[in-house]
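The values are calculated or read from the model by the stated rules, or taken from the named source; none is laboratory data. Note that the structure is predicted; figures quoted are calculated from it, not measured. Note that we place each Cβ from the backbone using ideal geometry, even for glycine, and neighbour counts take in every protein chain shown. Keep in mind that these areas ignore ligands, DNA and RNA; they rest on the heavy atoms of the full protein, side chains included. Shrake-Rupley method; radii C 1.70, N 1.55, O 1.52, S 1.80 Å.
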Amino acid sequence: MRLGIMGGTFDPVHLGHLVTAEEALVQFNLDRVVFMPTGQPARKTDRAVTSAEHRYLMTVIATASNPDFDVSRMEIDRPGLTYTVDTMLALREQYGPQSELFFITGADAVWDIATWKDAERFRGLCTFIAATRPGYDLEAAFVEYAEELAALDIEFIEVPALAISSTDIRERVSQRRPIRYLTPESVAGYIHKYGLYREAF
Ligand code: NAP
């Protein structure tokens, strides 16, 4: 089993995330990709994050038609701040030593992995797939922790669709600007139905 774990806040999930997951699935010959919305992101205690249940449901809606994608409640159901190492250790336990785990996320999240909780435990536990936007200056971004990062298994994929960002979508909704074609229509409908992101941001 080659299992991709798509880690993110998904506030909200958008087409860039879906393209990234599909690209990782194909490039790394994964059996499936499990989207893993964070519960309480450890690095986002300074800003309001939309409720985990809304972010989870939007991710379910966005991925529902793809038979290779699943969504897990593991992080949103785990009490306390969310740490990736806890998730990957739980998945290793669940899937056994024969499975290969790939943690897929944005390159901007990956560059400071060395400072994540119990970072040394990632060695041999999983491969990181870091998605970048075209033109992303990898060397400049990774220089600070180059030594620590060299000890981890990190692969990069370039995803043009990552020009789309959750921040931009939240900003657009609050300014009553369109988000059509940036996120699946079903997710845009959900955002409007529940009045998410309407407050000035
Ligand atoms: P973030 O800092 O909000 O995102 C950094 C950049 O990466 C943003 O441009 C973001 O774009 C993009 N991004 C995030 N997830 C992505 C994905 N799955 N695919 C493609 N691009 C993605 O990142 P975050 O959401 O807080 O964290 C990302 C993952 O790393 C989560 O699973 C989180 O739990 C984990 N993490 C763990 C620790 C820890 O264990 N201590 C610390 C930090 C992060 P969008 O805003 O458009 O998504």
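Scan segment 166-201 residue by residue and report those that are surrounded by 15 or more Cβ atoms within 10 Å (Cβ to Cβ), small (Gly, Ala, Ser) and out of contact with any strand residue (DSSP E or B) (no Cβ under 7 Å at 6 or more places or on another chain).
If the condition is that a residue be surrounded by 15 or more Cβ atoms within 10 Å (Cβ to Cβ), small (Gly, Ala, Ser) and out of contact with any strand residue (DSSP E or B) (no Cβ under 7 Å at 6 or more places or on another chain), then Ser166 is the only one that fits.
When segment 27-56 is examined, which residues are found to be part of a helix (DSSP H, G or I), surrounded by fewer than 17 Cβ atoms within 10 Å (Cβ to Cβ) and touching a residue at least 24 places away in the same chain (Cβ under 8 Å)?
Matches in segment 27-56: Gln27 only.
For segment 66-86: of the residues being farther than 20 Å from Ala24 by Cα and hydrophobic (A, V, I, L, M, F, W, C), which is modelled with the lowest pLDDT?
Here the answer is Leu81.
Out of curiosity, is Ala131 at pLDDT 90 or above, assigned to a strand (DSSP E or B) and hydrophobic (A, V, I, L, M, F, W, C)?
In short, yes.
So is Glu144 modelled with pLDDT under 95, more than 16 Å from the ligand (Cβ to nearest atom) and among the charged types (D, E, K, R) or not?
No; evaluated as a whole, the condition is false for this residue.
Do we have any residue at all in segment 42-64 that's under 14 Å from the mean Cα position of the chain (by Cα) and more than 14 Å from the ligand (Cβ to nearest atom)?
The answer is yes, given that some residue of segment 42-64 is under 14 Å from the mean Cα position of the chain (by Cα) and more than 14 Å from the ligand (Cβ to nearest atom).
Taking the criterion of being more than 11 Å from the ligand (Cβ to nearest atom), modelled with pLDDT under 90 and open to solvent by 70 Å² or more (accessible area, probe 1.4 Å), would at least one residue in segment 110-122 satisfy it?
The answer is yes; a qualifying residue exists.
Return the residues of segment 147-191 that are of a type in the set (Asp, Glu) and either within 17 Å of the chain's Cα centre (by Cα) or modelled with pLDDT of 95 or more (or both); say none if nothing qualifies.
Glu155, Glu158, Asp168, Glu171, Glu185 - these are the residues of segment 147-191 that are of a type in the set (Asp, Glu) and either within 17 Å of the chain's Cα centre (by Cα) or modelled with pLDDT of 95 or more (or both).
Among the residues of segment 12-26, is there at least one that is in contact with a helix residue (DSSP H, G or I) (Cβ under 6 Å, 6 or more places away or on another chain), part of a helix (DSSP H, G or I), modelled with pLDDT of 95 or more and open to solvent by less than 10 Å² (accessible area, probe 1.4 Å)?
Within segment 12-26, one or more residues are in contact with a helix residue (DSSP H, G or I) (Cβ under 6 Å, 6 or more places away or on another chain), part of a helix (DSSP H, G or I), modelled with pLDDT of 95 or more and open to solvent by less than 10 Å² (accessible area, probe 1.4 Å).
Please name all residue pairs, on different chains or six or more residues apart, with Cβ atoms under 7 Å, provided the first residue is in segment 73-91 and is open to solvent by 40 Å² or more (accessible area, probe 1.4 Å) and the second residue is within 9 Å of the ligand (Cβ to nearest atom) and among the aliphatic types (A, V, I, L, M).
Filtered contacts from segment 73-91: Met74/Met36; Leu81/Ala42; Tyr83/Ala42.
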